[in-house]
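Since every read-out is calculated from the coordinates, none of them should be taken as a lab result. As the structure is a computational prediction, the values presented were derived from the model and not from experiment. Here Cβ is always computed from backbone atoms with ideal geometry, including for glycine, and neighbour counts include all displayed protein chains.
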Amino acid sequence: MQCLREFATSLYVAEGPCVNFHGFAYPTRMAAIVLSDGGLFIWSPIALSPELKAEIDALGPVSCLVSPNRLHYLFLAEWKRAYPQARLYASPGLRKKRKDLRFDDELGDEPPAEWATDIDQVLVHGSFLTEAVFFHRASGTAIFTDLLQNFAPDWFKGWRALIARLDGITAPCPGAPREWRASFLDRRVARAALRVILDWPIERVLIAHGAPVTENGAAFVRRGFAWLVGKNAH
Ligand SMILES: [Fe+2]
């Protein structure tokens with residue numbers, strides 16, 4: 001079975017097994033972007049099966065492994081073991097949480113030279129969890145991790161489905177979970193990051209959980225962040 005699927009120009013995604021997050025089955029998804037220099041930018045890596053590794057190796061040499069927020073780190077160690085030459089990038093706060101991992105660098109508001117030609121980025125601060133949002137220029141794809149969740153309404157069953165809907169993470173109303181939204185005490189800095197994001201010419205939106213978007217991406221992002229900019233924001 002093929003693991004990698006071409007999502008857009010030079011951008012591939014692979015789906016991994018579900019992981020348990022506070023009793024909820026969260027699907028995992030990673031992206032591999034082929035950079036101009038031929039190296040691979042690996043975002044939020046999933047479990048590395050031999051089949052996935054063979055497909056990745058056929059795509060190009062892995063040059064960087066990126067954790068976009070400190071909740072997405074589960075498979076970094078096995079990828080670093082498989083690709084010791086790749087630079088391992090920590091999301092804000094992850095170095096403290098995973099002292100066992102040897103990170104080469106930490107994500108900031110500016111993309112490092114390694115991928116700056118192809119990918120832009122911004123950190124969304126203002127809450128208990130800082131997430132790095134990326135923009136792949138060649139395909140006009142914005143890449144969100146947990147800030148925009150878009151589960152199918154029937155993904156979770158029973159009371160979990162109700163919780164997910166109340167939490168604001170199911171289609172057609174994508175977004176961050178409500179308790180995370182409520183923790184954005186510094187909305188000014190979060191809005192500044194959102195302005196940077198909305199300045200990007202977004203066509204597609206790749207997300208970690210739920211259906212990604214292949215057209216009208218900017219409108220999807222605006223809808224997903226109405227809570228941050230709306231009058232009755234919550
Ligand atoms: Fe997540």
Is the shape of segment 1-123 best called rounded, prolate or oblate, per the rule: a/c under 1.5 gives rounded, else a/b larger than b/c gives prolate, else oblate, with a ≥ b ≥ c the square roots of the Cα gyration tensor eigenvalues?
rounded
The summed charge of the GLY126 Cβ neighbourhood (under 14 Å; Lys/Arg +1, Asp/Glu -1) stands at +2
Restricted to the chain, the DSSP antiparallel beta bridge percent, nearest 5, is 65 percent
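Count the net charge of all other residues whose Cβ sits under 13 Å from the Cβ of SER49, scoring Lys and Arg as +1 and Asp and Glu as -1.
With Lys, Arg at +1 and Asp, Glu at -1, the net is -4.
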Estimated vicinal HN-Hα couplings, Hz - segment 31-40 in sequence order (Karplus 6.51, -1.76, 1.60; Gly, Pro = x)
10, 10, 10, 7, 7, 4, 8, x, x, 9
Loop-resident sites, segment 133-234, for trypsin sites (Lys or Arg not before Pro), counting at most 12 other Cβ within 10 Å (DSSP)
LYS157, LYS231
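State, as an integer percentage, the relative contact order of the chain based on alpha-carbon contacts under 8 Å between residues 6 or more apart.
Answer for the chain is 14 percent.
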Quick one: Cα convex hull volume of segment 91-234, Å³ per residue?
122 Å³
Defining a contact as two alpha carbons under 8 Å apart and six or more residues distant in sequence, what relative contact order in percent does segment 20-101 show?
24 percent
When a/c is below 1.5 the answer is rounded, else prolate if a/b is larger than b/c, else oblate, so apply that to segment 139-195 with a ≥ b ≥ c taken from the square roots of the Cα gyration tensor eigenvalues.
oblate
In segment 74-121, the trypsin sites (Lys or Arg not before Pro) that fall in loop regions by DSSP, at most 15 other Cβ within 10 Å
LYS99, ARG102
